[in-house]
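Reviewing the structure listed below.
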Amino acid sequence: MRVIETRIPNVFILEVDGRKFLVTRSEYPPHYGERKFNGFKEWRLSRSKLGVLVERGIKIKIERDWKILYLGAASGTTVSHLADIADRGVIYAVEYAPRPFIGLLRLARERKNVIPLLRNAELPESYNGIVERVDLIYQDIAQKNQIEIFEENARFFLRDGGYGIIMVKAKSMDSTADPRKIYSEVMERLENNFRIINSVDLEPYHKDHIAIEVGYR
Amino acid sequence: MKVWYGEIKDDEFRRKFDLDVRNERPLDFDLVGFAIENSVFSDRDEYYETLRELAIKNEERRMKEILRSEDMFIISLIRAYDDALKCVNLLSERLYDIKSLGYEDEESPPVAWLEDRIESLKKLRKELEGELEEKMLAVAPNLTRVAGHMIGARLIERAGGLKRLAMLPSSKIQVIGAERALYRALSRGKRGKPPKHGIIYQHPLVRTLGRRVRGKMARYLAGKISLAVRLDYFSGRIDDELEMGLKKRFHDLKGGSG
């Protein structure tokens, strides 16, 4: 087994019997059926868009002590890896649907740095007074008004110079238009309040999805 | 201003733990720093540990409340809505009878009573529908987007709950509400013609199509409803793609049927 470091803390590439795996260093048990290799947790790219971005992104940055606001945490698949990375930080994990929240609660009980919030990301005022200013807002919600939701949450919680990662699903914006056209419209809108750092296509793991990285002001 | 560890009023701070906060404007101070300065917590570790434990407890309680009664409540709401509608119709009919005998409300108090109660029952129906829409969006957001809150609620009622609806094949969803027509067709063997649609006929994208393509649309809609309900029941994630595919199919069929 060979362990190769990456640019991101607690993220490694593992070579096991000639196969390569993206992993996070983790003392915790699997959360979503992923494999464990003594002390490392497999990051399944087909299950986590952030995994694909981490593997492909040349600019992506996450630090161990970061405060992170995660919108659309679902059952905590990606949160479990972010919690491995930001092991000295805090993740505010927001999810509005009660059923996947069960999984998120299970994760939060295990991890000291995950704060689960059953709230609607469209109403940031309902968790304003719980969530502090953060270094990163990560958003994965396939909704038509997701950019508006991101802007509002940034206004409430992203620190000046903070960093944003937005997962955009073209089909959720408009199922008939050309994805490239949708992406450029989304970027144009984001440029009103943010600086676009990079965008990464998530094919073939996640069809018609891109990740957009932005800086605040 | 209320934050999770207390209240700040006219520069006075009172400590009180409560996650039910609401602040319309971004805070202009450091939430964590302020708590430590006011010795609510001795350090950051204690701050986060307390918040995390409180969040787990509080949000779990809220989650259970939502999960416990959600779909049964919706079933009761839609039935209450139908009851109110039935009452309005019955009383309106009776009022019409009385009026056609020549009585007007100046001379007959019952006419005014009836008119008054019918109005308030109509209001009740509106209120129930508003509540139903809100609950449907919370419990089954994808189903509500695809089928609308009324049809969605009816489907949940007929299936006997969200879980049961999620387990049904889409071919069954297509004919929910047309059971008589379905069994008549089945009992006739090969000569029988199964119904095109049941409850979902009320959907504007089905109802407004020509008869020859309505069945195609109903089948497509039932498929999307099935996907939506499963997403609602098993995952809870919202997917706007379902709804948009529906409109596209509608326009294709509309164009084709000319």
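Rule-based calculations on the coordinates, nothing more; no lab input. Model, not experiment: these values are computed from the prediction. Positions of Cβ are backbone-derived with ideal geometry, glycine not excepted, and every protein chain shown enters the neighbour counts.
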Exercise for the section: Considering Cα pairs under 8 angstrom that are at least six residues apart, work out the relative contact order of segment A:35-94 and quote it in whole percent. Expected result: 33
Handout entry: Averaged over B:87-97, number of beta-carbon atoms from partner chains that fall within 10 Å
Key = 0
Completion exercise
Residues meeting the amide H criterion for A:ASN198 (H placed from the backbone, H to H distance under 5 Å, 5 or more places apart or on another chain) are A:GLU213
Handout entry: Using alpha-carbon coordinates, inclination of helix B:149-159 to the longest axis of chain B, degrees
Key = 80
Exercise for the section: Taking amide H positions as placed in the peptide plane 1.01 Å from N, state which residues far from A:GLY162 in sequence (5 or more) or on other chains have amide H under 5 Å from it. Expected result: A:TYR216
Exercise for the section: Could you sort out which of A:LYS20/A:LYS49; B:LYS216/B:LYS247; A:LYS67/A:LYS171; B:LYS86/B:LYS172; A:LYS169/B:LYS163; B:LYS123/B:LYS163 sit more than 25 Å apart by Cα distance in this structure? Expected result: A:LYS67/A:LYS171; B:LYS86/B:LYS172; A:LYS169/B:LYS163; B:LYS123/B:LYS163
Practice task
Starting with the highest mean, order A:99-108, A:191-200 by the number of other Cβ atoms within 10 Å, averaged over the residues of each peptide.
Solution key: A:99-108, A:191-200
Problem - Antiparallel bridges, percent of DSSP beta bridges restricted to the protein assembly as shown (to nearest 5) - result: 65
Completion exercise
Going residue by residue through segment B:202-219, the Karplus relation 6.51 cos²θ - 1.76 cosθ + 1.60 with θ = phi - 60° gives ³J(HN,Hα) values, rounded to whole Hz and with x marking Gly or Pro, of 5, 5, x, 6, 9, 4, 8, 8, x, 4, 5, 10, 4, x, 4, 5, 4, 5
Completion exercise
Scalar couplings 3J(HN,Hα) for segment B:40-52 by Karplus 6.51 cos²θ - 1.76 cosθ + 1.60 (θ = phi - 60°), nearest whole Hz, x for Gly and Pro, are 6, 10, 7, 7, 5, 4, 5, 4, 5, 5, 5, 4, 4
Problem - Highest-MSF residue in chain B out of B:GLU119, B:GLU12, B:GLU129 [GNM, Cα springs under 10 Å] - result: B:GLU12
Problem - Kirkwood-Stokes translational diffusion coefficient of segment A:55-216, alpha-carbon pairs, 20 °C, 1.002 mPa s, µm²/s - result: 135
Exercise for the section: Report, in degrees rounded to the nearest 10, the 0 to 90 angle that the Cα long axis of helix B:241-257 makes with the longest principal axis of chain B. Expected result: 20
Exercise for the section: Name the residue, out of A:GLY76, A:GLY51, A:GLY161, whose mean-square fluctuation peaks in a Gaussian network model built on chain A with Cα pairs under 10 Å. Expected result: A:GLY161
Practice task
May I ask you to derive the relative contact order of chain B, considering only C-alpha pairs under 8 Å and at least 6 residues apart, and to give it as an integer percent?
Solution key: 14
Handout entry: Number of partner chain Cβ atoms within 10 Å, mean per residue of B:231-244
Key = 6
Problem - Rel. contact order, % - alpha carbon contacts under 8 angstrom, at least six apart, segment B:175-258 - result: 24
